[in-house]
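Report on the structure given below.
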Amino acid sequence: MNELQQKIYDRFARYVAVDTTSDSNSQTVPTTSTQLDFGKMLAQEMKDLGVSNVEIDKNGFVLGEIPANVSGAPAIGFLAHMDTVEDFCGKNIRPVIHSNYQGGDLVINEEKKMYLSTQNAPDLLKCLGHDIVTSDGNTLLGGDDKIGIAIIMTLAEYLLAHKEIKHGAVKISFTIDEENGIGVGYFDLKRFNADFAYTIDGSVLGDIDCGNFNADKLLISITGKNCHPGAAKNFMANPVRIAADIVSSWPEDKLPETTEGEEGFILFKDIEGGLDHATLGGIIRHHDSAAFEQFKKDLEQIVEEKRVKYPNAKIHLEITPQYRNMREVLKAKPEAMHVLEQALKEEKIDYRLTQARGGTDGARLSLSGLPTPNIFASYENPHGPYEWLSLQWSEKIFHLLVRMLEIAAGK
Ligand SMILES: [Zn+2]
């Protein structure tokens, strides 16, 4: 491990020692107070490094800035999130370094027979000779997204020590509650004041998310006609059966379990109720906005057919907007992608522009006016005990960010 990788790793190990699991059922902002504790630690570290205007805002976002040392360059933002996902244990994380990976299976936990193999970690093969970091198998690793924080913090330290690197204003934020999608709604874009930004929260080397789903929520409520089943002929309307009928009328090739890449889906998530009334909830997802609208028309059509088929029932469909694809925003304001792609080419990183099958904080920020593609953060298999990352990749991201700043400053 070289000095820079060691620096990034040391920070990472300190950061994952703090449990910052978020909680989608909490009503507070942030959803867990541990995120505030972690934010205080990061803010202090930024002050110690000499970062300007360090502040924790009223919602718990950590903000700071490295002033421009050239004029006329755009202000660029870098963001990474402080929380870890609630789906798997994020407490007592003990990272393990596997130095100089030489191929083959990598042992995460011998006792539990947990291994990283080319089956569950296909990109591991690209990491021969790398220093790989995993958890001890009892927790997630927290690479998502504390390696992003470690890289940005190390970048801040480097820029402040190397004034010969010319750059515009660098705006830094460590954000709350990304995993549950709640935090970004509280982000103060005006205060952040960047021309464009990047989240360092993507997956393996080369993965750039510059698009995402269009997303709506659906809720179908069905009011039936209940009576004694022995005397129900030509009278009863059973909401349970109608809900099941609607679910099975949706095409099987447009479901999460049958689609990938840029294919959309409807996921029916929950059915609740009985003979009097039932509700059916779900989500609608598609990258392409025309196809997205068509999905909603198709669903309305199915519901209309069921109204005809079950005249004794009342069926109501409600669709609520969630978020939209940032692809159009990044096209309309292309500088963020130009700078990124130019730097990727100069740093000789093979990259793929992908459409995320989910939302990202960057998508919400882009749609609010701050173009924010998502850059790989060097981890794979997030949200579980098989999460791993490469420190050599982390270093590559560091150099990429430096190069992006220089390119944006015209150097
Ligand atoms: Zn993340």
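Listing for the model above:
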| item | result |
| --- | --- |
| Qualifying residues in the range 54-88 (those that are free of Cβ contacts under 8 Å to residues at least 60 places away in the same chain and under 21 Å from Arg14 (Cβ atoms)) - the one nearest to the ligand (Cβ to nearest atom) | Ile56 |
| Subset of the range 174-196 [outside any loop (DSSP other than H, G, I, E, B), crowded, with 24+ Cβ neighbours inside 10 Å and more than 14 Å from the ligand (Cβ to nearest atom)] | Phe196 |
| Residue satisfying condition, being of a type in the set (Val, Ile, Thr) and out of contact with any strand residue (DSSP E or B) (no Cβ under 6 Å at 6 or more places or on another chain), within set Ile246, Ile242, Ile200 | Ile246 |
| Scope the range 382-411; condition in contact with a Gly (Cβ under 6 Å, 6 or more places away or on another chain) and in a strand (DSSP E or B); matching residues | Leu389 |
| Near pairs, Cβ below 9 angstrom, 6+ apart or cross-chain, from the range 225-239 (closer than 7 Å to Asn312 by Cα) to any residue that is β-branched (Val, Ile, Thr) | Ala237/Ile222; Ala237/Thr223 |
| Residue match in the range 83-100 (condition: within 23 Å of Thr139 (Cα to Cα), among the hydroxyl-bearing types (Ser, Thr, Tyr), surrounded by fewer than 16 Cβ atoms within 10 Å (Cβ to Cβ) and assigned by TED's automatic domain parsing to the domain that holds Tyr186) | yes |
| Filtered residue count, the range 363-381, keeping only those that are touching a helix residue (DSSP H, G or I) at 6+ places or on another chain (Cβ under 7 Å) and in a loop (DSSP other than H, G, I, E, B) | 8 |
| First in the range 373-390 and within 9 Å of Leu141 (Cβ to Cβ), second anywhere and within 11 Å of the ligand (Cβ to nearest atom) and in a strand (DSSP E or B), Cβ under 8 Å, 6 or more apart | Glu387/Tyr379; Trp388/Tyr379; Leu389/Tyr379 |
| Matching option when the condition is under 30 Å from Ser173 (Cβ atoms) and not aromatic (Phe, Trp, Tyr), among Glu300, Glu272, Glu346 | Glu346 |
| Test: residue in the range 157-164 that is under 26 Å from Leu36 (Cα atoms) and within 16 Å of the ligand (Cβ to nearest atom) | no |
| Filter pass, Ile151 being crowded, with 20+ Cβ neighbours inside 10 Å and either away from the ligand (no atom under 16 Å from the Cβ) or closer than 19 Å to Thr21 by Cα (or both) | no |
| Filter result for Ala80 (part of a loop (DSSP other than H, G, I, E, B) and not acidic (Asp, Glu)) | no |
| Scan of the range 89-105 for residues that are assigned to a strand (DSSP E or B) and either polar (S, T, N, Q) or in contact (Cβ under 8 Å) with a residue 40 or more places away in the chain (or both), ordered by number | Val96, Ile97 |
| Subset of the range 82-107 (residues that are under 26 Å from the mean Cα position of the chain (by Cα) and either over 29 Å from Ser22 (Cα atoms) or polar (S, T, N, Q) (or both)) | Thr84, Asn92 |
| Ile283 vs. criteria surrounded by 13 or more Cβ atoms within 10 Å (Cβ to Cβ), under 25 Å from Gly261 (Cα atoms) and in the same structural domain as Gly264 (by TED's automatic domain parsing) | yes |
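Every residue, every condition in (1) within 16 Å of the ligand (Cβ to nearest atom); (2) among the β-branched types (Val, Ile, Thr); (3) more than 30 Å from Leu63 (Cβ to Cβ), yes or no:
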site	(1), (2), (3)
Lys91	no, no, no
Asn109	no, no, yes
Pro122	no, no, yes
Ile147	yes, yes, no
Leu155	no, no, no
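The values are calculated or read from the model by the stated rules, or taken from the named source; none is laboratory data. From a predicted model like this one, the values you see are computed outputs, not experimental measurements. With ideal geometry, Cβ positions are generated from the backbone for all residues, glycine too; neighbour counts draw on all protein chains shown.
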